[in-house]
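*Asks:* Provided herewith is a single structure, encoded as structure tokens, for subsequent inquiry.
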Amino acid sequence: MNLLSSDGKLILLHRGLKSLPRASRYDFVLSPQFYISKRESLPVKYAFQAKKLAPSILEDILPTDYNYEYVVEKDGDGWMFFAYAPKEIEDFLKVCCSKSPEKIGKIYFADQLAKVLKKVPLGIDEQNALTLIDNKATIVPRSMIDGDKFAKLSSKLRPKIGYRFRTSSKGSSDSKLSKEVIVLSSLIALLALAFIFDGLNYKKAIAKERDKLSVILEESPALASKLTRDSIKSKYQNIENRERKIRNLLNKYSKLTSKKSILDKLEISGDKLIAQFNVVPNEISRVESIAKSDNLKVSRVNNSLLRVEGSIR
């Protein structure tokens, strides 16, 4: 999914870039000069699972000059792994164009233009072009390419998926926490979506039962008692009410997460949805206050762990 709601000026970022047009924000398609990529077939289903493996998959081909950010993208029956160095990009933009990292919006990777590059190379400047070699985006001299037709980067060629640029201004500890918050927030969102999906299924089941009941009542009016109707309705209504309470609790728990308050565990135990948060000590009082304001039961496991309970009865 696109992680930013609006688009910036789309620019191909390459080493020969000398200046940038005026714009409030820039979205960069990184040339292969600014990232490393590798395709792997892995038996994992979700992107966050693949991303955990990215450092070990790319470590043999990454230089050690910078700290890297990783991006994974589904590619057929496999995964594309990308690594880029925010500081390298920031340093280059400061030198070539006097631009700060705050101007950077979304980033894309040249390999995301593979479908276009299969048909026609993309012109970079008068000497160089971007094309596919062994199914990988590669910069080559124009003289190596047969023909004289070259595409020009425009908003029409913008890849469908863009990624938020990770600035290097924050320390490595904050960066690690940010990644964990994003992963855990994604997990909570996935759980919420799963419960919403189940809720919709239960609503459909209720509607089907009502239709069946209507047919039966037409054929046997004697069965049209209030007790019969209520028993069928309550059978599914109770389930739906429980799922709605779980979704509401997940929303409340999401408000407790931050860089300094990490969701450590989430489980359903009987009529309770229990969460455990790993909290920086000086943030515990604040998190407790938020939880209590939402009528959640809070208890301290130790100096950094909070147990939060909500009823799903």
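The values are calculated or read from the model by the stated rules, or taken from the named source; none is laboratory data. Please read all numbers here as calculations on a predicted model, not as lab measurements. Cβ coordinates were reconstructed from backbone atoms using ideal geometry, including for glycine residues, and neighbour counts include every protein chain displayed. Accessible surface is based on the protein model in full, side chains and every heavy atom, while ligands, DNA and RNA are left aside. Shrake-Rupley method; radii C 1.70, N 1.55, O 1.52, S 1.80 Å.
*Asks:* Taking 25 Å as the cut-off for C-alpha to C-alpha distance, list the pairs among K94/K255; K18/K103; K106/K259; K51/K292; K74/K272 that go past it. Show your work: numbers first, answer last.
*Replies:* Numbers: K94/K255 37 Å; K18/K103 17 Å; K106/K259 22 Å; K51/K292 35 Å; K74/K272 36 Å.
Listed pairs above 25 Å: K94/K255; K51/K292; K74/K272.
*Asks:* Residue-wise, which Karplus ³J(HN,Hα) couplings in Hz belong to region 43-59, taking 6.51 cos²θ - 1.76 cosθ + 1.60, θ = phi - 60°, and x for glycine or proline?
*Replies:* Computed from phi, the couplings for region 43-59 are x, 10, 9, 10, 5, 5, 6, 5, 5, 4, 8, 4, x, 6, 6, 9, 4 Hz.
*Asks:* Please list, ordered by chain and number, the residues whose modelled amide H lies under 5 Å from the amide H of A129; skip anything fewer than 5 residues away on the same chain.
*Replies:* I124, V140, R142
*Asks:* Additional query: Whole number please: convex hull volume per residue of the Cα set in region 17-62, in Å³?
*Replies:* Spread over its residues, the Cα hull of region 17-62 gives 121 Å³ apiece.
*Asks:* Separate question: Of all accessible surface on region 239-311 at a 1.4 Å probe, what whole percent is carbon and sulfur?
*Replies:* Accessible surface attributable to carbon and sulfur in region 239-311 totals 44 percent.
*Asks:* Tell me, what is the Rg over Rh of region 9-174, with Rh the Kirkwood radius over Cα pairs? Please list the in-between numbers first.
*Replies:* Working: Rg = 16.0 Å, Rh = 16.8 Å.
Here Rg/Rh amounts to 0.95.
*Asks:* Restricting attention to region 1-102, which GluC sites (Glu not before Pro) occupy a DSSP loop and are surrounded by at most 10 other Cβ atoms within 10 Å?
*Replies:* none
*Asks:* Can I ask one more? Sort 23-35, 259-271 for me by packing, meaning the mean count of neighbouring Cβ atoms within 10 Å per residue, highest on top.
*Replies:* Numbers: 23-35: 18.9, 259-271: 14.7.
Listed from highest to lowest mean packing, they are 23-35, 259-271.
*Asks:* For region 239-311, compute Rh as the Kirkwood radius over C-alpha pairs and then the Stokes-Einstein diffusion coefficient at 37 °C and 0.692 mPa s; write the answer in µm²/s, rounded to an integer.
*Replies:* 268 µm²/s
*Asks:* If the chain between T64 and V301 were fully stretched, how many nm would it gain, using 0.36 nm times the residue separation less the Cα-Cα distance?
*Replies:* Values: separation 237, 0.36 × 237 = 85.32 nm, distance 4.01 nm.
Gain in length upon complete extension: 81.3 nm.
*Asks:* I need the phi-derived Karplus couplings for region 285-296: 6.51 cos²θ - 1.76 cosθ + 1.60, θ = phi - 60°, integer Hz, Gly and Pro marked x.
*Replies:* Whole-Hz 3J(HN,Hα) from phi for region 285-296: 4, 5, 5, 4, 4, 5, 5, 5, 5, 9, 6, 9.
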